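**Student:** Provided herewith is a single structure, encoded as structure tokens, for subsequent inquiry.
The values are calculated or read from the model by the stated rules, or taken from the named source; none is laboratory data. Because the structure is a prediction, the values reported are computed rather than measured. Please note: Cβ atoms are built from the backbone with ideal geometry, for glycine as well, and neighbour counts cover all protein chains shown.
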Amino acid sequence: MLPRPSVSRPCLLALAGTLGLNAQPAPLPDGAALQGMLDRLRVLGTVLYVAAHPDDENTQVLAALARGRKVRTAYLSMTRGGGGQNLIGTELGEALAAVRTQELLAARRVDGAEQWFTRAVDFGFSKTPAETLRVWGHDAALADVVWVIRRVRPDVILTRFTPEPGGTHGHHTASAILALEAFRAAADPAAFPEQLAYVRPWQARRILWNSFRPREGQPDGTFTRLDPGAYDPLLGRSYAELAAESRSQHRSQGFGALPVRGARPETFEPLDGQKAPGDLLEGVDLTWNRVPGGGEVDALLAKAREAFRPEDPSGALPWLLRARAALDRLPPDPWKAVKGPELTEAIRCAAGLWAEATVERPSAAPGETVPVTLTVLSRLAPGIVLEGIDLGGGATAPRTLEVNQPFSETRRLAVPADAAPAPAPGAAAPPSPLAGLPEAPPAFTAVFRLSSGGVPFSLAVPVVRRHRDPVLGERREPFLVVPPLLVNLAEPVQILADGTPRVLRLDVIAGRGPVAGTVRLAPPPGWTAEPAAFQVRLDRAGDEARLETRLTPPPAPGGGALAVTVDTGAGPVPALSRRLVDHPHIPVQTLLTPAGARVARLDLKKGGTRIGYVMGPGDEIPALLRPLGYRVDLLSDEELATADLAVYDAIVVGIRAFNTRPRLAQLRTRLLDYVAAGGTEVVLYATDQGLVTPALGPYPFTVGRGRVTEEDAPVTFLAPDHPVLAGPNRIGPADFQGWVQERGLYFAQDWDPRYTAVLACSDTGEKPLAGGLLAAPWGRGHFVYTGISFFRQLPEGVGGAYRLFANLLALKGAR
């Protein structure tokens, strides 16, 4: 594995800020939704649901509690899911974590729950909770869970998984173990006392496991039940139907769900705390009686509910404003902090208020001034007074808003000279106020100060870029602070097969204009870059300059990190690169990561060099092969059906292509005919569920669920003289050093004896698995199925994985 640049995590700059700020404005709800909002204002109770990954949450339970019981409901995901696979794009690692974070937030907007995280990293599949807790760091992970419990203050904690080891992902079990430990630790002042400057100890009433089904032998009274299948006339569907829409937001994982109708009982088994055989919220005071002085607020909210009419929600506004004033008079209380924003949102919706702060560019550099368009509109209620707007310089004279007549003005926002990119949202450790939040704070927030009937209230909105997409229509994305110069490397992984120099291309992007500076390259010892420094001048923000340097490796194999610095007059600083993550179902995300490249000079020999590639989802391998001298053609279904396949030395069927390309069910025979005529077909892993055909190769085998998760697991050569291992690169134990995350996944099983199992490996304490690399002759050619995770190893620059993959591509003509 090649060394990474010396920054542990990139700065993930997403829109967000708090749980209520987002680049996508909350639409004004319909009458039924606003009625539900008013009912929720009178319910004081909290449930925290804990699991390991995005998509682990039971959206049926979340929807039934948040939308049905109207209690505050939160989902704590231990990780952001960066170790998973990706069905919709090539993002992996931190970029995939950004996608999955936004998918969770989209799901929460449907089911009504909140979203929280710990700092735990999704390092891929783990077979034991002991391994998981060792990698996560038990105490750090526990501190994060305790922090969220103390902030959210749940009456009831639910876990998706049992804390009893066995039968599931180690991350799953570890999440339940930590939740159970934190149930008591959160109430202990001696546990993580540094947090108590910000939060108070908290003891939840009970913790329960949301078991998949009642266990045999348990008496009925042991379990608590909830039915998300109950029909809600205001929603026009059941909570289970709503949950299907919520779960379908997890598109990167292929979790589109069909709605189900009818009873859908959920079962909960007690783990600790007070028993609740009748109802999981049994004994919890759900009224304003739990807040000293809250009776007045509740009475006014009841009046607002009585005055509410779906056709004219503004009738509830006077009572909501009086409730707002009564709430402001209460002494500090955690529920005041929770219900205050909810009440402000109800006021906004009852008045039909719309407020936004938009810019025309996605970013600005420190020291720049950017025009911001500020707009506020009262669609329903007369008499709303705009008292002022807090953003940058300038003042707005108080004015009464005319009904359905927008007021707009432009302010000049000065980006401070010392402004810096926002911190990564997953990097903050408790007791930082940012710890646990799903997104980083917005770079800038506009506050519209309003009043009605003499009662003041404010609407805070993030400054965002708003633009028109010709296909999707309106798109919004966060407005970011970026450096004066950004540096993107066209190929951040540089693998050189020999000592021949290579051209390294860099794109320098202006964060502001005009800007001038020096870009310097620092290759690892033994490497040279000529030139190593560039003088750059760009006139306007967004302008780009393409630079090229000649990268020369050392005589012997080796690798390292190439660093990049930028100096715009204040001294050299590490350069940042910019990557956009753009999918239509989530807001555009911008990743700022340390600019640099991982470089390696390998002892790599190639055989066949013309490759046909049948793309699956989330696969970067073709782009990594081309710089090594391979000609890689991406084959469409039509080309696969009609083109002359004999021109290819090998055809690679990419990861999960046999799950996602239905035409392969018919075209597999054409691929096998190509093999029989002397070609090589290499099938990268497919998943065992959803195959378009069970017959992937010339002889029977089954795609199993076996995997080896220890990246340093010993490898045994079962057929050391097989062409896969013999040439053109002789593969040995050294080629399996420095691997990342895993050896492989979805290994084959129950294969025909005409296949040769080339390798075997296993996790500690388990039997060796030999289905990670199968090869068989077919006619005059070769067929290969491999679960080895080349899709992870090649982007990380793992030299041995390149050498082994080159051997697979060179099988044509081998005996």
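**Student:** Provide a single number: the residues in the range 134-165 that are of a type in the set (D, E), over 21 Å from the mean Cα position of the chain (by Cα) and modelled with pLDDT of 95 or more. Give the steps one after another, and end with the answer.
**Tutor:** Restricting attention to the range 134-165, the residues satisfying the condition of being of a type in the set (D, E) are 139, 144, 155, 164.
Imposing the further condition that a residue be over 21 Å from the mean Cα position of the chain (by Cα) reduces the set to 139, 155, 164.
Among the residues that remain, those that are also modelled with pLDDT of 95 or more are: 139, 155.
Of the residues in that region, 2 qualify.
**Student:** Does the range 693-712 hold any residues that are under 31 Å from the mean Cα position of the chain (by Cα), crowded, with 20+ Cβ neighbours inside 10 Å and touching a residue at least 40 places away in the same chain (Cβ under 8 Å), and which are they?
**Tutor:** Residues satisfying the conditions are V703, G706, R707, V708, T709.
**Student:** Okay, next question. Specify which of the listed residues (L96, L76, L87, L105) is surrounded by 24 or more Cβ atoms within 10 Å (Cβ to Cβ) and not in a strand (DSSP E or B). Talk me through it step by step, then tell me what you get.
**Tutor:** Values: L76 fails: not in a strand (DSSP E or B); L87 fails: surrounded by 24 or more Cβ atoms within 10 Å (Cβ to Cβ); L105 fails: surrounded by 24 or more Cβ atoms within 10 Å (Cβ to Cβ).
Going through L96, L76, L87, L105 in turn, the sole match is L96.
**Student:** Residues of the range 227-239 being surrounded by fewer than 24 Cβ atoms within 10 Å (Cβ to Cβ) and either not charged (D, E, K, R) or not in a loop (DSSP other than H, G, I, E, B) (or both), which ones? First the steps, then the outcome.
**Tutor:** Taking the range 227-239 as the starting set, the residues that turn out to be surrounded by fewer than 24 Cβ atoms within 10 Å (Cβ to Cβ) are 227, 229-237.
Passing the criteria: G229, A230, Y231, D232, P233, L234, L235, G236, R237.
**Student:** Continuing with this model, one more query. Just name the residue that is surrounded by the most Cβ atoms within 10 Å (Cβ to Cβ) out of those in the range 324-358 that are part of a helix (DSSP H, G or I) and free of Cβ contacts under 8 Å to residues at least 40 places away in the same chain.
**Tutor:** Just the residues of the range 324-358 that are part of a helix (DSSP H, G or I), to begin with: 324-329, 334-351.
Within this subset, residues satisfying the condition of being free of Cβ contacts under 8 Å to residues at least 40 places away in the same chain are 326-329, 337, 340.
On the way: A326: 20, L327: 23, D328: 14, R329: 9, A337: 9, G340: 15.
Among those residues, the one meeting the criterion is L327.
Residues are listed down the side, and each one gets a yes or a no for (1) farther than 19 Å from L811 by Cβ; (2) in a helix (DSSP H, G or I):
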site: P662; (1), (2): yes, no
site: Y674; (1), (2): no, yes
site: V683; (1), (2): no, no
site: P694; (1), (2): yes, no
site: Y746; (1), (2): yes, no
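**Student:** In the range 696-722, what count of residues is obtained for those that are touching a strand residue (DSSP E or B) at 6+ places or on another chain (Cβ under 8 Å) and either farther than 19 Å from W778 by Cα or not in a strand (DSSP E or B) (or both)? Steps first, please.
**Tutor:** We begin by selecting, within the range 696-722, every residue touching a strand residue (DSSP E or B) at 6+ places or on another chain (Cβ under 8 Å); these are 696-699, 701-704, 706-708, 713-719, 722.
Pick out the ones that are also either farther than 19 Å from W778 by Cα or not in a strand (DSSP E or B) (or both) and you get 696-699, 701, 703-704, 706-708, 713-719, 722.
Qualifying residue count, the range 696-722: 18.
**Student:** What do you reckon, is A806 more than 22 Å from G83 (Cβ to Cβ), in contact with a Pro (Cβ under 9 Å, 6 or more places away or on another chain) and not in a loop (DSSP other than H, G, I, E, B)?
**Tutor:** Yes; evaluated as a whole, the condition is true for this residue.
**Student:** Next question, about the same structure. Of all residues in the range 163-181 being in a loop (DSSP other than H, G, I, E, B) and without any contact (Cβ under 8 Å) to a residue 60 or more places away in the chain, which is nearest to G124 (Cα to Cα)? Before the answer, list the steps.
**Tutor:** Filtering the range 163-181 for residues in a loop (DSSP other than H, G, I, E, B) gives 163-169.
Next cut, without any contact (Cβ under 8 Å) to a residue 60 or more places away in the chain only: 164-168.
Values: E164: 20, P165: 18, G166: 17, G167: 16, T168: 13 Å.
Among those that are in a loop (DSSP other than H, G, I, E, B) and without any contact (Cβ under 8 Å) to a residue 60 or more places away in the chain, it is T168.
**Student:** Taking the range 119-150, which residues are farther than 13 Å from A429 by Cα, of a type outside the set (F, W, Y) and in a helix (DSSP H, G or I)?
**Tutor:** Answer for the range 119-150, where residues must be farther than 13 Å from A429 by Cα, of a type outside the set (F, W, Y) and in a helix (DSSP H, G or I): P129, A130, E131, T132, L133, R134, V135, H138, I149, R150.
**Student:** Of the numbered conditions (1) part of a loop (DSSP other than H, G, I, E, B); (2) closer than 30 Å to K606 by Cα, L504 fails exactly one; give the number of that condition.
**Tutor:** Among (1) part of a loop (DSSP other than H, G, I, E, B); (2) closer than 30 Å to K606 by Cα, L504 violates only (1).
**Student:** For the range 502-509, does any single residue satisfy the condition of being under 27 Å from the mean Cα position of the chain (by Cα), at pLDDT 95 or above and over 30 Å from G315 (Cβ atoms)? Reasoning before the result, please.
**Tutor:** So the first thing to find is which residues in the range 502-509 are under 27 Å from the mean Cα position of the chain (by Cα), and the list is 507, 509.
If we keep only those that are at pLDDT 95 or above as well, we get 507, 509.
Narrowing the set further to residues that are over 30 Å from G315 (Cβ atoms) leaves 507, 509.
The answer is yes; a qualifying residue exists.
**Student:** Looking only at residues in the range 610-626 that are at pLDDT 90 or above and surrounded by fewer than 18 Cβ atoms within 10 Å (Cβ to Cβ), which one is farthest from S246 (Cα to Cα)? Give the steps one after another, and end with the answer.
**Tutor:** From the range 610-626, those at pLDDT 90 or above are 610-616, 621-626; that's our starting set.
After this cut, where a residue has to be surrounded by fewer than 18 Cβ atoms within 10 Å (Cβ to Cβ) as well, the list is 610, 622-623, 626.
Working: R610: 44, P622: 34, A623: 34, R626: 40 Å.
Here the answer is R610.
**Student:** May I pose another question? Could you count how many residues in the range 621-658 are part of a strand (DSSP E or B) and under 21 Å from D673 (Cα atoms)?
**Tutor:** Going residue by residue through the range 621-658, those that are part of a strand (DSSP E or B) are 631-634, 650-653.
From what is left, the residues that are under 21 Å from D673 (Cα atoms) are 632-634, 650-653.
Matching residues across the range 621-658 total 7.
**Student:** Name the single residue that is surrounded by the fewest Cβ atoms within 10 Å (Cβ to Cβ) among those in the range 563-583 being at negative phi and assigned to a loop (DSSP other than H, G, I, E, B).
**Tutor:** Taking the range 563-583 and keeping what is at negative phi, we get 563-568, 570, 572-583.
Going one step further and asking which of them are assigned to a loop (DSSP other than H, G, I, E, B), we end up with 568, 570, 572, 575, 582-583.
Numbers: T568: 19, A570: 9, P572: 15, A575: 25, D582: 14, H583: 16.
My answer is A570.
**Student:** Further question on the same structure: Taking the condition assigned to a loop (DSSP other than H, G, I, E, B) and either buried (at least 21 other Cβ atoms within 10 Å of the Cβ) or among the basic types (K, R) (or both), does I586 pass? Step through it out loud before you land on a result.
**Tutor:** Details: assigned to a loop (DSSP other than H, G, I, E, B): yes; either buried (at least 21 other Cβ atoms within 10 Å of the Cβ) or among the basic types (K, R) (or both): yes.
Here the answer is yes, as I586 does meet what is asked.
**Student:** Follow-up question, since we're still on this one. Taking the condition over 23 Å from S246 (Cβ atoms), acidic (D, E) and at pLDDT below 95, does E131 pass?
**Tutor:** Details: over 23 Å from S246 (Cβ atoms): yes; acidic (D, E): yes; at pLDDT below 95: yes.
Here the answer is yes, as E131 does meet what is asked.
**Student:** Just to verify a result, which residue in the range 383-405, among those that are surrounded by 13 or more Cβ atoms within 10 Å (Cβ to Cβ) and not in a strand (DSSP E or B), is nearest to the chain's Cα centre (by Cα)?
**Tutor:** Selected residue: L391.
**Student:** Out of R184, R200, report the one residue that is surrounded by fewer than 22 Cβ atoms within 10 Å (Cβ to Cβ), in the same structural domain as V260 (by TED's automatic domain parsing), assigned to a helix (DSSP H, G or I) and modelled with pLDDT of 95 or more.
**Tutor:** On the way: R200 fails: assigned to a helix (DSSP H, G or I).
Going through R184, R200 in turn, the sole match is R184.
**Student:** Could you say whether any residue in the range 778-791 is in a helix (DSSP H, G or I), buried (at least 20 other Cβ atoms within 10 Å of the Cβ) and touching a Leu at 6+ places or on another chain (Cβ under 9 Å)? Show your work before the answer.
**Tutor:** Step one: filter the range 778-791 for residues in a helix (DSSP H, G or I), giving 790-791.
Narrowing the set further to residues that are buried (at least 20 other Cβ atoms within 10 Å of the Cβ) leaves 790-791.
Among the residues that remain, those that are also touching a Leu at 6+ places or on another chain (Cβ under 9 Å) are: 790-791.
Within the range 778-791, one or more residues are in a helix (DSSP H, G or I), buried (at least 20 other Cβ atoms within 10 Å of the Cβ) and touching a Leu at 6+ places or on another chain (Cβ under 9 Å).
**Student:** Right, next: If the requirement is being in contact with a Pro (Cβ under 6 Å, 6 or more places away or on another chain) and part of a loop (DSSP other than H, G, I, E, B), which of these qualifies: G560, G607? Let's see the steps before the verdict.
**Tutor:** Numbers: G560 fails: part of a loop (DSSP other than H, G, I, E, B).
So the residue among G560, G607 that is in contact with a Pro (Cβ under 6 Å, 6 or more places away or on another chain) and part of a loop (DSSP other than H, G, I, E, B) is G607.
**Student:** Do you know which residues across the range 465-491 are part of a loop (DSSP other than H, G, I, E, B) and surrounded by 19 or more Cβ atoms within 10 Å (Cβ to Cβ)? Break it down into steps so the answer makes sense when it comes.
**Tutor:** To start, the set of residues in the range 465-491 that are part of a loop (DSSP other than H, G, I, E, B) comprises 470-472, 479, 482-484, 490-491.
Those that are part of a loop (DSSP other than H, G, I, E, B) and surrounded by 19 or more Cβ atoms within 10 Å (Cβ to Cβ): F479, V482, P483, P484.
**Student:** Now for a different question. Answer yes or no as to whether E710 is closer than 24 Å to G81 by Cβ, among the charged types (D, E, K, R) and touching a Gly at 6+ places or on another chain (Cβ under 6 Å). Steps first, please.
**Tutor:** Numbers: closer than 24 Å to G81 by Cβ: yes; among the charged types (D, E, K, R): yes; touching a Gly at 6+ places or on another chain (Cβ under 6 Å): no.
Answer is no for this residue.
**Student:** Do any residues in the range 463-476 that are assigned by TED's automatic domain parsing to the domain that holds P441 and touching a residue at least 12 places away in the same chain (Cβ under 8 Å) have Cβ atoms under 7 Å from those of residues that are exposed (fewer than 10 other Cβ atoms within 10 Å of the Cβ) and part of a loop (DSSP other than H, G, I, E, B), where the two are at least six apart or on different chains, and which pairs are they?
**Tutor:** Listed by first residue and then by second, the contacts come to nothing, as the list is empty.
**Student:** Here's another thing I want to ask about it. Looking only at residues that are in contact with a Ser or Thr (Cβ under 9 Å, 6 or more places away or on another chain) and surrounded by fewer than 24 Cβ atoms within 10 Å (Cβ to Cβ) in the range 424-435, which one is farthest from G315 (Cα to Cα)?
**Tutor:** Applying the first criterion (in contact with a Ser or Thr (Cβ under 9 Å, 6 or more places away or on another chain)) to the range 424-435 yields 425-427, 435.
Subsequent filtering for residues that are surrounded by fewer than 24 Cβ atoms within 10 Å (Cβ to Cβ) retains 427, 435.
Numbers: A427: 45, A435: 40 Å.
Per the criteria, the residue is A427.
**Student:** Still on this structure, I have one more. Could you please tell me which pairs satisfy a Cβ distance under 7 Å, a separation of 6+ or placement on different chains, a first residue in the range 492-513 that is among the acidic types (D, E), and a second residue that is at pLDDT below 90?
**Tutor:** Close Cβ pairs (under 7 Å, with a partner that is at pLDDT below 90) amount to D507/A490.
**Student:** Considering every residue within the range 184-194, establish whether at least one is over 23 Å from P129 (Cα atoms) and touching a Ser or Thr at 6+ places or on another chain (Cβ under 6 Å).
**Tutor:** Within the range 184-194, not a single residue is over 23 Å from P129 (Cα atoms) and touching a Ser or Thr at 6+ places or on another chain (Cβ under 6 Å).
**Student:** For the range 737-754, which positions are surrounded by fewer than 22 Cβ atoms within 10 Å (Cβ to Cβ) and touching a strand residue (DSSP E or B) at 6+ places or on another chain (Cβ under 7 Å)? Don't jump to the end; show me each part of the working.
**Tutor:** Initially, the range 737-754 is screened for residues surrounded by fewer than 22 Cβ atoms within 10 Å (Cβ to Cβ), giving 737-738, 740-741, 749-754.
Hits for the range 737-754 are Q749, D750, W751, R754.
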